[in-house]
Each structure stands twice: as C-alpha cells, then as structure tokens.
1. Under the 0.36 nm per residue contour assumption, what length would be gained going from the current alpha-carbon distance of residue 96 and residue 162 to full extension?
2. For the pair residue 131 and residue 112, how long in nm is the line joining their label points, each one 7 Å along Cα→Cβ?
3. If amide H atoms are built 1.01 Å from N in the plane of the peptide, which residues on other chains or at least 5 residues away come under 5 Å of the amide H of residue 127?
4. Rounded to the nearest 0.05, what FRET efficiency is calculated for residue 81 and residue 149 with R0 set to 22 Å and r the Cβ-Cβ distance?
5. Using a cut-off of 15 Å between beta-carbons, work out the net charge of the residues near residue 122 (Lys and Arg +1, Asp and Glu -1, residue 122 not included).
6. For residue 113, enumerate residues with amide H under 5 Å from its amide H, sequence gap 5+ or separate chain, H modeled in the peptide plane.
Amino acid sequence: RRAPAGGQANLGISPRPRAMLSIAATSLPAFTAPLLPHATRAAAPVMKAEGEIGVTPPLGVWDPLGCLAEPVDYPRRDYRRYVELEIKHGRIAMLATVGVLTTEAGFRWPGYLSKSLDLKFADLPGGCFDSYNAVPALGWLQIVGFVIFLELAYGATDPSKEPGDVGGISWVRYDDPETKK
C-alpha cells in the first residue's frame, strides 16, 4: 500500500469519519473547565428557624443568592399567606391540567362561546396553546374578571382555620392526628 498524498497514513478510516473525529478532537477543550484559582469555601449554612418548612437538616436553608442575608424575625407573620398561595396555585394548576386533558379527549360544552363571532365550544381546538389563542379577548376578560371575583369574595382563608381550608360546614375535618394518618 502506498501512503496517500501529503505523506499521511490512511489508518483504514474513510475520509468522512476521519473528519468527524478531527472535529470532535478539536472541540474537546470546550467541554473542560477553565483553570480558576481555588475559591475559599463558604461557611456552612445556618438553620434559620428550627422546624420551619423549607429548612432541611443538616443542610439548613439553601440560599445561593443571599436573599436571606438580612436578619429576619421568626416566626414570619406573612408565612401563612405564602402557604395559602402555594395551595391555591397548586389547585389552579390541577384544574388547568384537567381542563387541557378533557378538551384533548374531545369533551366540549354545548352551545356558543361567542354568538357574535359564531364560535361554538365544539369549534375550539384541543391543546393548551391552540385553545388559548382561539378564545376571543372579551372571553378572556370575562374569565379573568370571574377569577378576580372569586379571589376577592371567597379566596381568603379564615384565620381560625388551617391554610387552604376553604370548605364550608359540610366538610369533614379531622382534629385527631391519628385519624389524619
């Protein structure tokens, strides 16, 4: 066998894979970390408040941006509001998921979504973004207005109840910790 022009041996590799190997070899430095001086190790995280939700022993509070660097008095007075909002947003997300699944399955309300535009509920496409774009702007204004009404009229939790407990007197509440298990 003769060596190809340029004096390089073929090594039994065709030109196309050889080109790919050379590209891969030249891009390897992109996947290596630059040499940086050793940073001083940060102090171990400190527990902000024992027993508060979000504090995970032995790690403490994970706060990489230092948002909790300023002193905070515990217990926080508005922490309950955060818990209520977390529960409320979770419920909204679950309802939205059920809504997308039911429209994808083909279930539609009977009647018109907009009589002036001659748009029936059956004409709405399934899917999250397609159905969002198909609803007229006035329809979204009505939906947002209704949600604001619900939030102002029924959204606040009674301070004597647990966060997220928005049920009426017909709801069964269990006070015994053993029953809750």
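1. Values: separation 66, 0.36 × 66 = 23.76 nm, distance 2.44 nm.
Answer, rounded to one decimal: 21.3 nm.
2. About 2.2 nm, to one decimal.
3. 104
4. For R0 = 22 Å, the calculated efficiency reads 0.65.
5. Values: positive: 108, 115, 120; negative: 104, 118, 123, 130.
Within the 15 Å Cβ shell, the charges total -1.
6. Under 5 Å from the amide H of residue 113: 119, 120, 121.
Bear in mind that the values in this text are calculations on the coordinates, not laboratory data. Owing to the predicted nature of the structure, the values given are computational and were not obtained by experimental measurement. When we count neighbours, we look across all protein chains shown, and the Cβ atoms used for this are built from the backbone with ideal geometry, even at glycine.
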